[in-house]
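*Asks:* Structure incoming, see below.
The values are calculated or read from the model by the stated rules, or taken from the named source; none is laboratory data. Small disclaimer: the values here were computed from a predicted structure and weren't measured. A quick note on method: Cβ atoms are made from the backbone with ideal geometry, for glycine too, and the neighbour counts reach across all protein chains shown.
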Amino acid sequence: MHRNIRRLLVVGAHGDDETLGAGGTIARLADEGAVVSLCILTNDDGSRSATGAGVTDRTAAIELAAKTLGVERVRISEFGDNRLDTVSHLELNRVVEREVRDFEPDTILTTSMCDLSTDHALVSRAARVAGRPGKGSVQEVRTFEIRSATDVGEASGLPVAFRPNCWQRLDETHLDRKLEALRAYGKELEPWPNPRSERGVRALAEYRGSQISAGLAEAFEIVRVVH
């Protein structure tokens with residue numbers, strides 16, 4: 001049975017998680033009338049510098065990417081990049097729970113717990129806690145894949161793996177907006193053959209599309225769904 005998603009909350013650890021993992025789906029659902037809210041837990045790129053020098057605030061990039069995708073509401077916390085393991089899990093839970101309480105989403109999209117990134121796994125857990133049965137309006141929780149995090153986690157022998165069981169068809173306009181949103185992040189968009197290159201992003205969309213005999217798609221793993 002198809003669910004009509006009306007209020008979508010996307011939860012990520014870092015600015016660009018939402019675009020890499022679900023940018024095309026966000027664009028499509030926004031075009032179809034869904035109200036989309038974005039919750040990002042960190043606002044810097046501090047892990048790129050061992051000394052902390054040259055750290056960039058990514059708020060403007062997150063907001064620009066969100067606007068490109070059709071996101072109507074953006075909330076950005078100020079935890080440090082790759083430092084979420086220094087924050088109590090209760091505090092992370094409370095951030096996402098507050099977003100669920102304030103926005104009242106019917107669907108949550110978030111990162112996968114099989115990602116090699118500890119930040120991604122912690123955010124995924126917090127989103128699952130916030131979207132658990134009996135807590136608010138959430139009817140569905142899905143996780144998305146992020147190349148160079150999800151696939152690397154699987155290759156590193158983590159005990160869990162991303163097993164997609166839900167695909168969202170995309171058309172060229174949705175993929176184009178996903179790529180445009182990624183350009184807002186500047187240096188985060190890498191040259192080919194990096195999987196985070198424009199060509200790499202398209203290749204994944206084509207591969208996921210081929211799994212369902214469609215031109216383009218994004219894949220998700222459903223954690224919980226109520227019809």
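*Asks:* State all residues of the range 181-197 that are over 13 Å from GLU63 (Cα atoms) and either touching a residue at least 40 places away in the same chain (Cβ under 8 Å) or surrounded by fewer than 18 Cβ atoms within 10 Å (Cβ to Cβ) (or both); if no residue qualifies, say none.
*Replies:* Those that are over 13 Å from GLU63 (Cα atoms) and either touching a residue at least 40 places away in the same chain (Cβ under 8 Å) or surrounded by fewer than 18 Cβ atoms within 10 Å (Cβ to Cβ) (or both): GLY186, LYS187, GLU188, GLU190, PRO191, TRP192, PRO193, ASN194, PRO195, ARG196, SER197.
*Asks:* Taking the range 164-178, which residues are surrounded by 12 or more Cβ atoms within 10 Å (Cβ to Cβ) and closer than 27 Å to VAL223 by Cα?
*Replies:* PRO164, CYS166, TRP167, GLN168, ARG169, LEU170, ASP171, HIS174, LEU175, ARG177, LYS178
*Asks:* For residues that are out of contact with any Lys or Arg (no Cβ under 7 Å at 6 or more places or on another chain) and in a loop (DSSP other than H, G, I, E, B), scanning just the range 183-211, find the one that is nearest to ASP45 (Cα to Cα).
*Replies:* The extreme case among them is TYR185.
*Asks:* Of a type in the set (D, E, K, R), surrounded by fewer than 22 Cβ atoms within 10 Å (Cβ to Cβ) and in a strand (DSSP E or B): which single residue out of GLU91, GLU97, GLU78 fits that description?
*Replies:* Checking each option against the conditions leaves just GLU78.
*Asks:* In the range 45-71, how many are modelled with pLDDT of 95 or more and either surrounded by 15 or more Cβ atoms within 10 Å (Cβ to Cβ) or in contact with a Lys or Arg (Cβ under 7 Å, 6 or more places away or on another chain) (or both)?
*Replies:* 11
*Asks:* Right, another one. Taking the residues in the range 140-151 that are surrounded by 18 or more Cβ atoms within 10 Å (Cβ to Cβ) and assigned to a loop (DSSP other than H, G, I, E, B) as candidates, determine which candidate is farthest from the chain's Cα centre (by Cα).
*Replies:* That would be ALA149.
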